[in-house]
Amino acid sequence: LGLVGSEMCIRDRGGSGGASGGAVALYAAQNFTLEGSGLIRVTGAGGGGGQVQAGGGGGGSGGMLRIEASVVTINGTLGANGGGGGEGGVRLNGFPETGTSGADGSASPTGAAGGTGLTFAGDGGVGSSLASLAGDVGANADGGGGGGGGAAGFIFLRGAVSINGSSSPAPTLD
């Protein structure tokens, strides 16, 4: 195979997949208000970088957030975006190079960055965002391919809802 030393142990180990955002349910008997500086996020983690000639891990999907009250007021920020995919790994000039991990999802309307930086390795896909609920695919490459970005989760708001803040993805009102 042409492998040397510790490389025999790490060949073909793809990056670990990012954890999902989990689930949070909040219930109030009367009113629920998230103040302007408040943040609730159930975002996915970034995928790990691939090792020698192996693909990057996929970004974790966003989770599920449910807020239910007679009156729901959102002045702050809600987020359930997916994490960025990990970059693939390569061997450059005989040396093994592990790909960069993707970024964790955030509550911003911009998707989490996929891992990048190595020559001949596939970049990780961008995680979901307000504009794109599915994460982007990872790039193919001569070395390891990039992992895909995590998809968006769900945000459910129930009651008389007023949104003056932001939410990514957009909430479902039920």
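Starting from the range 74-92, take each residue that is under 30 Å from Leu118 (Cβ atoms) and list its partners that are among the acidic types (Asp, Glu) and in a loop (DSSP other than H, G, I, E, B), counting only C-beta distances under 6 angstrom and pairs at least six apart or across chains.
Within 6 Å, the pairs are Gly83/Asp104; Glu87/Asp123.
Scan the range 105-128 and tell me whether some residue there is touching a Phe, Trp or Tyr at 6+ places or on another chain (Cβ under 8 Å), assigned to a loop (DSSP other than H, G, I, E, B) and open to solvent by less than 40 Å² (accessible area, probe 1.4 Å).
Checked the range 105-128: no residue is touching a Phe, Trp or Tyr at 6+ places or on another chain (Cβ under 8 Å), assigned to a loop (DSSP other than H, G, I, E, B) and open to solvent by less than 40 Å² (accessible area, probe 1.4 Å).
Residue pairs, Cβ under 6 Å, 6 or more apart or interchain, first in the range 133-154 and more than 21 Å from Gly79 (Cβ to Cβ), second among the acidic types (Asp, Glu) and open to solvent by less than 30 Å² (accessible area, probe 1.4 Å). List them.
Final answer for the pair search is Gly146/Glu87.
Quick one: which residue in Thr116, Thr110, Thr73 is closer than 14 Å to Ser129 by Cβ and of a type in the set (Val, Ile, Thr)?
Numbers: Thr116 fails: closer than 14 Å to Ser129 by Cβ; Thr73 fails: closer than 14 Å to Ser129 by Cβ.
It is Thr110.
Criterion first (open to solvent by 40 Å² or more (accessible area, probe 1.4 Å) and either assigned to a loop (DSSP other than H, G, I, E, B) or modelled with pLDDT of 95 or more (or both)) does Leu78 satisfy it?
Numbers: open to solvent by 40 Å² or more (accessible area, probe 1.4 Å): no; either assigned to a loop (DSSP other than H, G, I, E, B) or modelled with pLDDT of 95 or more (or both): yes.
The answer is no for Leu78.
For every residue, the table says whether it meets (1) buried (at least 23 other Cβ atoms within 10 Å of the Cβ); (2) of a type outside the set (A, V, I, L, M); (3) under 17 Å from the mean Cα position of the chain (by Cα).
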{"position": "Gly89", "(1), (2), (3)": "yes, yes, no"}
{"position": "Leu92", "(1), (2), (3)": "no, no, no"}
{"position": "Gly99", "(1), (2), (3)": "yes, yes, yes"}
{"position": "Ala131", "(1), (2), (3)": "no, no, yes"}
{"position": "Ala134", "(1), (2), (3)": "no, no, yes"}
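The values are calculated or read from the model by the stated rules, or taken from the named source; none is laboratory data. Bear in mind the structure is a predicted one, so any value in this text is a computation, not a measurement. Positions of Cβ are backbone-derived with ideal geometry, glycine not excepted, and every protein chain shown enters the neighbour counts. When the accessible area is computed, the model is the full protein with side chains, heavy atoms only, and any ligands, DNA or RNA have been set aside. Shrake-Rupley method; radii C 1.70, N 1.55, O 1.52, S 1.80 Å.
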